[in-house]
1. Note down the Stokes-Einstein diffusion coefficient of the range 5-165 in µm²/s, whole number, using a Kirkwood radius over alpha carbon pairs, 20 °C, and 1.002 mPa s.
2. With r defined as the distance between the Cβ atoms of ASP120 and LYS91 and R0 fixed at 25 Å, what FRET efficiency is calculated, to the nearest 0.05?
3. For the pair LYS67 and LEU22, what calculated FRET efficiency results from E = 1/(1 + (r/R0)^6), where r is the Cβ-Cβ distance and R0 = 45 Å, to the nearest 0.05?
4. Calculate, for SER145 and LYS2, the FRET efficiency according to 1/(1 + (r/R0)^6) with r their C-beta to C-beta distance and R0 41 Å; round to the nearest 0.05.
5. Checking the a/c ratio against 1.5 first, then a/b against b/c, what shape does the Cα gyration tensor give for the range 25-99?
6. What list do you get for ASP120, ASP37 if you sort them by fewest beta carbons within 10 Å?
7. Hey, quick one: spin label on SER102, modelled 7 Å out along Cα-Cβ, who in the range 64-90 has an amide N within reach, i.e. under 11 Å?
8. Could you state the number of Å between the C-alpha centres of the range 57-113 and the range 6-45?
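Readers should treat all values here as calculations from the given coordinates under stated rules, not as data from a laboratory. None of the values given here were measured: they were computed from a predicted structure. Quick reminder, even Gly has a Cβ in these numbers, built from the backbone with ideal geometry, and neighbours come from all protein chains shown.
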Amino acid sequence: MKLTTAQIGRCGELLVQYELLLLGVESAPLSTDAGIDLVAYAPGAREAQTIQVKSNYKRKPSGGRGKPALDWWVPEDNPAQLVALVDLSTKGIWLLQKEELSALAQQRSSGRVHIYMYTDPEYTPRAHGRHPREFQSYRLENRASALFGANPSIERDDQELLLLAAPHVKR
C-alpha cells in the first residue's frame with residue numbers, strides 16, 4: 001500500500017511525538033497548518049518550543065539518478081523554533097534550530113532552504129555536511145536535553161524501577 005503525502009507527514013509527526021515522550025517531553029499537534037506542527041514542553045524547560053516536522057518515507061536517488069539520499073525542503077519564513085527532519089525508513093530524527101537549518105542548508109530556492117544527506121555508508125561526498133554521520137550531533141536523542149532542559153522525572157523513574165527490581169536495596 002502506498003502512503004499519501006499527508007500520511008507520510010502525519011507518520012513523521014507521530015514518530016517525533018513518540019520519541020519526545022520517551023524522553024519525558026510532552027508534545028501536542030496543532031489543528032491548523034500554519035507552519036507549526038507540534039508544541040513541545042518538558043518539566044525542566046522554561047518555555048514551550050514549536051516544531052515543524054518534515055518527513056521522508058524512504059531515501060531516493062539524488063537528482064533522480066544519483067546516489068541514494070534523503071532531502072527536505074523547508075520554507076525560509078518557517079515560524080517554528082525547531083525543525084524535525086524525519087526519515088521514516090530508519091526512524092531517524094534530526095532536530096535543528098531555525099538558525100542551524102539556515103546555516104546547514106545546501107541550497108536556497110523560491111523562499112525555501114534545501115538540506116540533504118547521502119545515505120550510502122560507502123559513499124564519500126565531495127563537500128562536507130552531506131552525510132548522516134556528519135549530522136549525528138543533531139539527532140533528537142543527542143539534542144533533547146539541551147533543547148528542552150533536563151528531565152529529572154526520567155532519572156527518578158529509572159531509580160524507582162531499579163528499586164522495584166531489587167527490593168532488598170534500602171531507600
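1. Values: Rh = 16.7 Å.
Diffusion coefficient, whole number: 129 µm²/s.
2. Details: r = 19 Å, r/R0 = 0.75.
For ASP120 and LYS91, the calculated efficiency is 0.85.
3. Working: r = 32 Å, r/R0 = 0.71.
Plugging the Cβ-Cβ distance into 1/(1 + (r/R0)^6) gives 0.90.
4. Working: r = 37 Å, r/R0 = 0.91.
Working from the Cβ atoms, E equals 0.65.
5. Numbers: a/c = 2.46, a/b = 1.96, b/c = 1.26.
Prolate, since a/c reaches 1.5 and a/b exceeds b/c.
6. Values: ASP120 13, ASP37 24.
Lowest count first: ASP120, ASP37.
7. Those under the cut-off are 76-78.
8. After rounding, the separation between the Cα centres reads 17 Å.
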